[in-house]
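Colleague: The following block contains the structure, expressed as structure tokens.
Read the figures in this text as sums done on the coordinates, not as results from a lab. Only a predicted model underlies this, so the values are computations on that prediction, with no experimental measurement involved. Note: ideal-geometry Cβ built from the backbone for every residue, glycine included; neighbour counts use all protein chains shown.
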Amino acid sequence: MNEQAHSVQVTADNPQLADLKMSWVTAVFSADDGIGPMESLHQAGDSIIAVARMTDQGIEVIGSGVMIGPGLMLTASHVLDEFPPEGTGAVFLTFLPGATRAWLPCGTTTANGPSSFSPNRRKVSDLTLVSCGLNSEAHEEFPLGLAPVRLALPLIGERLWAFGYRHGDILDGAALLTPLVTSGIVIGCYPQGRGERMPSTCIEVEMDAMGGMSGGPVVDDDGWLVGIVSSSFEGGPTYVTLVWDAIRLSVGGAPTNLWPAGQADLIIGRDLGLVKLKGAVTRDAEGNVTITMSAPEMKQLEVFSDPIHITRRD
């Protein structure tokens, strides 16, 4: 990969975020198994986020995320757990040709429910919805790269791609970033999750991933976001939490010059033209969400679900 030097000054919230042209253009990658570096920091678009923290040595990248709307992103909950309640919080970085944007979190929300093991515990989804402000120069000459979202159940045998940043060393106060891409075939489906560490609907993909890619986007062959990297083993497989939970979530603190009352979610974003969302989904006045899937998706859901979770309607 060509060496590139990027720097950014973190500022107060920049209202020019509302002036940026939005782009949902996606990159095309080969259908090859295995993991490798991308040609540049921005090859797959600046919707891919490096989740970083400040240390005495400099900025350290610890995970990844994906921007789905202006000031609205998704990442893995366990990545954000790396930041203690007190002390320096996360900084989100996105990269453009010769430029960098910095974002600071304003609010977070995650689906959770009662634990089966203790009334004093909660099981928490590994998918977190984050609102953030633009806290750097806007670089208005570049559009704001956003990931289009697809509400779907990837089928066994379908090829998916994952992106993210490898944990980087720090040299003279500078983080050494390596953006990675990997792909593989869906080999497993867990409609009720994989225990309390991954309680949300997830899939197993026969692909490799590295430390730092957690929270990064997983996309289909058209570049639509279907999930985020949750966990992986060296050489594979990789477990992917689907974006389904995000439809039920709403987060405060979003930029008010774009989001009414600072409240953001995928449905509001779709209706405002701030989020590109594919899939038959409705939400009623009580907040109940219904997703209508194709016949093959429903068949796979039935095959891999515990029968106690299936209700048939005549």
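Colleague: Relative contact order for the chain using alpha-carbon pairs under 8 Å, separation at least 6, rounded to a whole percent? Numbers along the way, then the final one.
Modeller: Numbers: 810 pairs, mean separation 65.7, N = 314.
It comes to 21 percent, rounded to a whole number.
Colleague: Taking semi-axes √(5λ) of the Cα gyration tensor in Å as the quantity of interest, determine which of [x] 33, 27, 20; [y] 30, 22, 19; [z] 25, 24, 19 was computed from the displayed structure.
Modeller: Working out semi-axes √(5λ) of the Cα gyration tensor in Å from the coordinates points to [y].
Colleague: For the chain, with only Lys/Arg (+1) and Asp/Glu (-1) charged at the beta-carbon, what is the dipole magnitude about the Cα centre, in debye rounded to 20? Spell out each step's value before the answer.
Modeller: Values: 19 positive and 36 negative charges, 191 e Å.
Dipole about the Cα centre, nearest 20: 920 debye.
Colleague: Please name whichever of Ser294, Thr256, Phe304 sits farthest to the positive end of the charge dipole of the stretch 216-314, dipole taken about the Cα centre and charges placed at Cβ: Lys and Arg +1, Asp and Glu -1.
Modeller: So the residue we want is Thr256.
Colleague: Once the Cα atoms of helix 295-304 and of the chain are each reduced to a long axis, what angle between those two axes, in degrees from 0 to 90 to the nearest 10, is obtained?
Modeller: In the chain, helix 295-304 runs at an angle near 80 degrees to the longest axis.
Colleague: For Pro154, what charge total do you get from the other residues with a beta carbon under 10 Å from its beta carbon, if Lys and Arg give +1 and Asp and Glu give -1?
Modeller: Numbers: positive: Arg150, Arg159; negative: Glu158, Asp220, Glu297.
Here the charged neighbours net out to -1.
Colleague: If you don't mind, another one. Only Lys, Arg, Asp and Glu count, each charged at its Cβ (+1, +1, -1, -1), so figure out the dipole size of the stretch 135-264 about its Cα centre, rounded to 20 debye.
Modeller: Numbers: 6 positive and 15 negative charges, 97 e Å.
Around 460 debye, computed over the stretch 135-264.
Colleague: Also: Could you identify which residue out of Ala99, Ala111, Ala285 has the top mean-square fluctuation in a GNM of the chain using Cα springs shorter than 10 Å?
Modeller: So, out of Ala99, Ala111, Ala285, the one fluctuating most is Ala285.
Colleague: Go ahead and set up a Gaussian network model of the chain, Cα springs under 10 Å, then flag whichever of Phe233, Phe163, Phe92 fluctuates most.
Modeller: Phe233
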